[in-house]
Structure formats: structure tokens, C-alpha cells
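Since every read-out is calculated from the coordinates, none of them should be taken as a lab result. Here the structure is a predicted model, which is why all the values come from computation and not from measurement. So basically every Cβ, Gly included, is an ideal-geometry build from the backbone, and we count neighbours across all protein chains shown.
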Amino acid sequence: MGRVLAEPLPGPGSPRAHPGPPTGAEPIVTPTSTVHDAAAEGAAAVPLRANRSFRAYWVGEAVTLAGSSVHGVALPVIAVLELDASPGQVSLLAAAATVPAFVLALPAGVASDRYPKKKIMMGTDLAAAAVVSVVPVCWAVGVLSVPMLYAVALLLGALTVLHQAASIAIVPEIVDRSHMHPANARIAGAFSLADTAGTYGGTLVVGLLGAGRALWLDSVSYLISAWSASRIRPSSARRAAADRPARMGAAIREGVRYVMRDPMQRPLVLSLAGLAFADGIVTTYFAYTLLTRLDSGSTGLGLVMGVTAAGGLAGAVVATRLVDRFGPARVMLTGFLAYAVCGVPLLVARPEPVWLGVIPAAGALRTAAAVAAGTTQRSLRQQLCPPELQSRAQQTSVWLVTGLRPAAALTAGAIAAASSVHAALIAGTLLYLVPAALLWVSPVRRLTTMPTAAPTPVKDSAHGS
């Protein structure tokens, strides 16, 4: 696969160094190279603004994300206020929504590599619309129960995993390689806006319409997403080769083995997993610290959360320009380091009004850095990965991240029990440095521009003949 490497990294303001000698049969790709998929296909790249498939994808995914925020608010409200659920039942309801991400992540990657991604997206959206509509119908006729909410949460979680496996991996099939990073930046920006608006909007809609009726809007959002997916026209020239993984276990192992052995994919995925683990420790006690040690109150907590989330939109807007100016390695390294630095205010804050301005500002900067670094690493992984492994490589990352989240929460609890909540926050903030260290000692730190050469297909025994 083509990689753009330079040794050493250019200094500030200096011209980008030319890449070193290629390894094996890799083509030499310079920052001014014109080698890319579209050239190989004999067709010009379609600009994002004229790419109808990308617009349909972008709208559909943003709408369904905003709609999903409604059931994220409505299901717990129905459980507590309508069905008198106990704290233990509420905890099980939350777990039911997250368990499928860990259990099904790897099989979902195989399914997405095996079957047309567009059909998976449409099918999961239509199924989710039907599943969500069960709740208001059963609530209206008086047969809704907590176990039924468990089933709905589990099914929605499973459908979400399958949908996301296909929706992330389909981007290289509808966007030219030269536009991959701008596309991911726009996706991240839309998702940040939809997530923030959806969280507050979901609370407002549930308050105005009631939890049961509000779920009809969520069902409609899935239908809009399915219609948008039907408008997507993946490029057949960019799809995976005809060979498809034959056995589930062998196909899963092939995807995991590729990620763990590839010198570029491995540090990218492990750094993301390390960031998720550190963030899991900090977020376990983030709200707790604001409400107790800093006396923020619910209004202050809402302000901090809202401003912090808004930083993601800023990061998405500047991500492409930062990579064009400084290169992907510097953007990712700086982003991960900024994540650690911006966590310091929470450690030193006191219950004074000024900190309710400092902490949201630091949080917004941290989120902006995370989105800029995150869109860059996702674009790199998509561009470096052979098409027949796109979904499995992505889902290997999802599996690691989701598996580490409960471990991070347990680690935070253990540190707090042995020492203090503040000690857990310090440990999590220090661990934010690990992702940057992983990238620094890897070939990723020599990347000065996004790769443009098409990756080499991988042949393995997991593929059918």
C-alpha cells in the first residue's frame, strides 16, 4: 500500500520533505503526486459539493443521529416515570444499549465486508424504525413493560452496530481518495452539531410531547435515513474485490491480524484505544466533580457539557486546513497532547465562578483537538486499508474501544476507592499522554501528507476462492 513517509519531520515553516525510498513494490508518492484512485479508474474525482451520494449520506446520518438522541432520553424517562423502574433496572437498561457494541462489533465488520453496505444501511434503518415504534404503540394500549424496554434497547443497539459498520466503511466507495479527509471532517462537523442539538432537542421534545409520543419522531428519523441511503450510489470501481470472507471466525481473525500487524494501522488503532481508556477514567467522575467539588449545579453542568460539545464543530471546520498546512502526523500528535493539557483545569479548579468559564473553554478546545485528530486518523486508516478489509479493520477498532470503556470505569472506581476521586482524575489525565507516545515511536510520526496511492488488496485464506 502507498504510504507517504518523510524523515525527518520538516521544521516549522520549512517545505515538506520528500518521502524516503519505498518499501517493496510501493510507489513513490510525493506531496505533489497525482496518483490516486480516480486516475487509476480513468475518471476525474467528483468534488464533494457536487457529490450527490455524499450529500445523501451526510443528511441521512445526521438526521438519524439527532433522532436517536430522542430515544436516549425517552427510554429512561418511560422506565422511571411510567413504569417505576428501580435503580438496578435503569442500570440494566443502559447496559442493554451498550452490550451489542462489544459483542457484535467484529461479526458486523465481516457482514459489512461480505454484503452490500448500502443495503445494510437501508435494512437496519427500516428495522430500527419498526423497533422504536413498538414502544409508543405498547405504551398507548397499556402493555409496555420494563423487560420490553430491555428488548428494544438490545435490538436498537444491535442494529446500530450493524449500521455503523456499513456506514463508516461505505465512505471510500462514495468519495474519491483525494477528498476523503474533507469528507470525514464534514461528517464529524455534522455529527457534532446533530449530537449537541439532538441532546438538548431530545430533552425538549420529550418534555413537550411526552416520552411515548416523542419516539414517533425517532422512528421518522430512521425512515428519512433509509430514504437517504437509497439515494447513495457507491462506485463499483472502488468496492472490494469479488472475493468474500467465507467463514466468520477466519474472517474476523483476518481483520484483527491485519490491524495488529500493519505498521501504520496498529499505532493508529492502539492510540485511539488508549485515548478511549484514559477518557473513560476521566468521564467517570467528570460530572461528579463538577457537581460536588466545584458546586456547579445542574445549570453549570449543562453549560460545561454544551460548550464542550460545541468545540467538535470547530475542530471539524479547521481539520482539513490544519492537515494541509502541517501534515497529518503533527495534527494528530498535537491533538492528543492538547487533549492532555486541556484536562489540567479540572484538576486544579476550585468552587469559584471563574472556573465555570475556564473549564468549558478548555473542554471546547479539547473536543476541537480530538475531532481534528480523530478525523485525520480515520481518514488515514480508510485510505491505507485495502477495500476488502475496510469494515473489519474499522470494527476491530470499535471492538477495542467499547471493550475498554467498562474496564476504564472499573479502573476509575478502584483508584477512587484506594485513594480519591481526584487521584483517579490525575491518573486519567496522565494517561492521555500515552496515545501521543504510541504515535511518536511509530512510522506515523513521519507522515507529512495524506496518502494518495491506492492500497494493495490483501489475499488470505479467509477469502473464498
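General remarks:
- Each of Ala418 and Leu291 was given a label point 7 Å from its Cα along the Cα-to-Cβ line. The distance between the two points is 2.7 nm.
- Pairwise alpha-carbon distances in the range 317-363 exceed 13 Å for 62% of all pairs.
- Once the gyration tensor of the Cα atoms in the range 216-341 is diagonalised, the equivalent ellipsoid follows with semi-axes of 35, 24, 19 Å, ordered largest first.
- Counting charges near Tyr432 (Lys, Arg +1; Asp, Glu -1) among other residues having Cβ under 12 Å from its Cβ returns a value of 0.
- A crude spin-label estimate for the pair Val220 and Arg247, with each label 7 Å from Cα along the Cβ direction, gives 5.0 nm.
- Spin-label pair Lys119-Thr98: with each label point 7 Å from Cα along the Cα-Cβ axis, the two points sit 3.5 nm from one another.
- Sorted peptide list for 327-340, 412-425, 346-359, 302-315, criterion being average Cβ within 10 angstrom, highest first: 327-340, 302-315, 412-425, 346-359
- Relative packing of peptides 71-80, 398-407 - highest average C-beta neighbours within 10 Å first: 71-80, 398-407
- Fully extended contour minus Cα-Cα distance, from Val80 to Val344, at 0.36 nm per residue: 91.4 nm
- If you plug the beta carbon distance of Met148 and Thr334 into 1/(1 + (r/R0)^6) with R0 = 51 Å, you get a FRET efficiency near 0.60.
- Applied to the range 146-161, the Karplus parametrisation 6.51 cos²θ - 1.76 cosθ + 1.60 on θ = phi - 60° returns per-residue 3J(HN,Hα) values of 5, x, 5, 5, 4, 5, 5, 4, 5, 5, 5, x, 5, 5, 5, 4 Hz, with x for Gly and Pro.
- Neighbour counts of other Cβ atoms within 10 Å put Glu61, Glu388, Glu82 in the fewest-to-most order Glu82, Glu61, Glu388.
- Per residue, the average separation of C-alpha pairs within less than 8 Å and at least 6 apart gives the range 247-447 a relative contact order of 41 percent.
- Gap separating the Cα centres of the range 420-451 and the range 311-360, nearest whole Å: 14 Å
- Between the beta carbons of Ala437 and Arg261, assuming R0 = 25 Å, the FRET efficiency works out to 0.75 to the nearest 0.05.
- Hypothetical label at Arg233: residues of the range 50-87 whose amide nitrogen lies under 20 Å (7 Å Cα-Cβ projection): 50-61
- Here the residues Arg392, Arg247, ranked from fewest to most Cβ neighbours within 10 Å of their Cβ, fall in the order Arg247, Arg392.
- Taking the alpha carbon gyration tensor of the range 247-447, multiplying each eigenvalue by 5 and rooting it gives semi-axes of 32, 20, 14 Å, largest first.
- Percent of Cα-Cα distances greater than 24 Å, calculated over the range 64-165: 25 percent
- Neighbour-count ranking [beta-carbon atoms within 10 angstrom, fewest first] of Val137, Val269, Val46: Val137, Val46, Val269
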